[in-house]
Amino acid sequence: MEKLQFSFVILTLSLISSFSSIQSATFTLTNQCNYPVWTGLLSGAGTPPLPTTGFPLQPSQSNSVAVPPSWSGRMWGRTLCSTDSTGKFTCVTGDCGSGTMECNGGGATPPATLAEFTLNGANGMDFYDISLVDGYNLPMMIVPQGGSGNCNVTGCMADLNKNCPSALRLTAAGNGDESVACRSACGAFGDPMYCCNGAYSTPETCSPTSYSEYFKTACPTAYSYAYDDGTSTFTCTSANYVITFCPTPANSRKTTGAGQSADSSGGISLGEGFGGHFVMVIAVLLTMVWRL
Ligand SMILES: *[C@@H]1O[C@H](CO)[C@@H](O)[C@H](O)[C@H]1NC(C)=O
């Protein structure tokens, strides 16, 4: 009888863990660039912390991060990173100022392409976008998986460094004239007209400019300036997310609807996660019957 009670406890715990696994999301970060990328992850104020705040990804490497329910924050890629003779770690683009691989609460130094998330927001929906408001350093894409709702893919696939207007170019020692990142007009000139502050602090007074249009034309679904909300914020419910650096067109197909299985890029779909727990529950039930 004690064994039976014990089995019921295990069964209950298994069921609880089945349901809690539905609420947290798996984010898979994948590097398809032909150069290494060091991820940066920053949690918003008052949001649960992540298990990591930054890690390296070699070309074609992926890593998954368990993201707690109701998390909000941003993720980005750091490039051209190195450790100096004193052991200090720095990156030419996207540096977070921590001096180490982990960002430890530091945000990206502009210019940097950002993937922004608010999970379980209004009506239980996740809100996400790719932002070029703080400039651009590398192509990025967000692909929701297994969620319900619109769940559009968004991103900036284009190489905006190549044709970056000369006034916006960030160059680095040893890279000649080559642009390693492309600044936003706000970052380059600090003018309220570009930054949407001062006399330009409302959606009505802050308009696109020829600079923001360079970003918008190349990356129509990304935020190109602060009030670019209409075409740049997307929603999905109960999804996992794959964030790809340097996505290739083959990986940009749209995934729609609930229950669609994860593609080969390493994301764990909701179904698989739940299935794992389901197998565990069955195993416990079988053990229980066997002991009777
Ligand atoms: C999502 O994609 C569909 C089909 O491509 C498009 O019609 C729709 O406008 C997009 N939704 C948003 C919010 O942009």
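The values are calculated or read from the model by the stated rules, or taken from the named source; none is laboratory data. Note that the structure is a prediction, hence the values are computed from the model and not measured. Ideal geometry is used to build each Cβ from the backbone, glycine not excepted, and the neighbour counts take in all protein chains shown.
Suppose we filter C246, C186, C236 for residues that are surrounded by 20 or more Cβ atoms within 10 Å (Cβ to Cβ), more than 25 Å from D126 (Cβ to Cβ) and modelled with pLDDT of 95 or more; which single one remains?
Numbers: C246 fails: more than 25 Å from D126 (Cβ to Cβ); C236 fails: more than 25 Å from D126 (Cβ to Cβ).
None of the others qualify; the one that does is C186.
Can you tell which of N63, N161, N104 is of a type outside the set (D, E), in contact (Cβ under 8 Å) with a residue 12 or more places away in the chain and more than 19 Å from L29 (Cβ to Cβ)? Show your work before the answer.
Numbers: N63 fails: more than 19 Å from L29 (Cβ to Cβ); N104 fails: more than 19 Å from L29 (Cβ to Cβ).
Only one candidate passes the filter, namely N161.
Go through the stretch 85-195 and tell me which strands (runs of 3 or more DSSP E), entirely inside it, have 1 or more residues that are in contact with a Phe, Trp or Tyr (Cβ under 8 Å, 6 or more places away or on another chain) and over 28 Å from C236 (Cα atoms). Before the answer, list the steps.
Numbers: elements: 89-93, 114-118, 126-131, 140-145, 154-156, 169-171, 179-182.
Passing ranges, in order: 89-93, 179-182.
Please go through the stretch 102-129 and pick out each residue that is farther than 17 Å from V67 by Cβ and touching a strand residue (DSSP E or B) at 6+ places or on another chain (Cβ under 6 Å). Outline the logic, then answer.
To start, the set of residues in the stretch 102-129 that are farther than 17 Å from V67 by Cβ comprises 104, 106-113, 122-123.
G107, A108, P111, A112, T113, listed by residue number.
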(request) Tell me which of these N251 doesn't satisfy, since it passes every other one: (1) modelled with pLDDT under 80; (2) within 13 Å of the ligand (Cβ to nearest atom); (3) crowded, with 17+ Cβ neighbours inside 10 Å. (result) (2)
(request) Consider C151 carefully, then state whether it is at pLDDT 95 or above, under 19 Å from V180 (Cβ atoms) and touching a Cys at 6+ places or on another chain (Cβ under 7 Å). (result) no
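Surrounded by fewer than 15 Cβ atoms within 10 Å (Cβ to Cβ) and not in a loop (DSSP other than H, G, I, E, B): does that describe T205?
On the way: surrounded by fewer than 15 Cβ atoms within 10 Å (Cβ to Cβ): yes; not in a loop (DSSP other than H, G, I, E, B): no.
It is false that T205 is surrounded by fewer than 15 Cβ atoms within 10 Å (Cβ to Cβ) and not in a loop (DSSP other than H, G, I, E, B).
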(request) Please work out which residue is farthest from the chain's Cα centre (by Cα), limiting yourself to the stretch 146-163 and to residues that are more than 16 Å from the ligand (Cβ to nearest atom) and buried (at least 22 other Cβ atoms within 10 Å of the Cβ). (result) L160
(message) Just to verify a result, which residue in the stretch 177-195, among those that are among the aliphatic types (A, V, I, L, M) and in contact with a helix residue (DSSP H, G or I) (Cβ under 7 Å, 6 or more places away or on another chain), is farthest from P165 (Cα to Cα)?
(response) M193
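Let's see how each residue does on (1) farther than 27 Å from F55 by Cβ; (2) within 16 Å of the ligand (Cβ to nearest atom); (3) in contact (Cβ under 8 Å) with a residue 60 or more places away in the chain; (4) touching a Gly at 6+ places or on another chain (Cβ under 6 Å):
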{"residue": "R183", "(1), (2), (3), (4)": "no, no, yes, yes"}
{"residue": "A199", "(1), (2), (3), (4)": "yes, no, no, no"}
{"residue": "P203", "(1), (2), (3), (4)": "yes, no, no, no"}
{"residue": "T209", "(1), (2), (3), (4)": "yes, no, no, no"}
{"residue": "F215", "(1), (2), (3), (4)": "yes, no, yes, no"}
{"residue": "S224", "(1), (2), (3), (4)": "yes, yes, yes, no"}
{"residue": "S232", "(1), (2), (3), (4)": "yes, yes, yes, no"}
{"residue": "S238", "(1), (2), (3), (4)": "no, no, yes, yes"}
{"residue": "F245", "(1), (2), (3), (4)": "no, no, yes, yes"}
